[in-house]
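The block underneath contains the structure these notes are about, expressed in structure tokens.
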Amino acid sequence: MSTDTATRTDETGTTDSTHTGAAEKTSRGRRFVRLPLLLLALVAVAGLVASAVLGTQLRNARAVEDAARAASEAARQFAVTLTSVDSADLGADFAAVLDGATGEFEKMYAESSAQLEQVLIDNQARSEGVVVESGIRSATTTKVEVLLFVDQSVTNTLVPEPRLDRSRVVMTMELVDGRWLASQVDLP
């Protein structure tokens, strides 16, 4: 008897066509079982990668929010220090401003405060600043721009009654050795 791929003759002379078909079905069945498992593994890996990426983005966003909050509070305090001056205690006032400053602003303030000191003493100048409102203009984890609205009550020998000055201030705060310091102060 001749053999073809669909039939098989065993030692007893009987023909078994189901054995070859069963082997093909088993092989096909294994492939169909492997495909969903492979797809499931790919979906699981993609899910893990997406979770890791989203987790990193969330952590970075929270770090920027925390930095913005801390820098904004430091800017508010510094704005009060910067706009509050008493000619009777200029040394302490100037030192406080320089302690909260860095970079070009620190250098510029150190130079100008020496020139301004005698004018303030001669005019018995006094001012008191209050931050009315503030907001974040831009932020990273190490540099934050804060917009501040400041009211400053000013008196001197020429104007003995308090005069209210309202200012808008853009302050750039930089993280230096764990402290938020003003690196730039602009009055737009």
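The values are calculated or read from the model by the stated rules, or taken from the named source; none is laboratory data. The model shown is predicted, which means the values in this text are computed figures rather than measured ones. Note: ideal-geometry Cβ built from the backbone for every residue, glycine included; neighbour counts use all protein chains shown. Just so you know, the surface numbers come from the protein's heavy atoms only, side chains and all, with ligands and any DNA or RNA stripped out. Shrake-Rupley method; radii C 1.70, N 1.55, O 1.52, S 1.80 Å.
As a rough guide to protection, the peptides 46-57, 120-131, 153-164 ranked by mean Cβ packing within 10 Å, highest first, stand as 120-131, 153-164, 46-57.
Within region 25-143, all pairs of alpha-carbon atoms sorted by distance into 10 Å bins from zero give the percentages 11, 24, 19, 12, 9, 8, 7, 6, 3, 2, 0. Return, ordered by residue number, the residues of region 156-188 whose backbone nitrogen is under 15 Å from a label point located 7 Å along Cα→Cβ of residue 107. Output list for this probe position: 183-185. Based on protein heavy atoms only, region 121-177 ends up with 61 Å² per residue of surface accessible to a 1.4 Å probe. Considering region 89-168, its Cα convex hull presents a mean projected area of 6.2 nm². Quick one: check the C-alpha center-to-center distance for region 35-52 versus region 141-188, whole angstrom. A separation of 53 Å, based on Cα centres. For region 43-87, trypsin sites (Lys or Arg not before Pro) are listed when DSSP marks them as loop and at most 10 other Cβ atoms sit within 10 Å of their Cβ; the list is empty.
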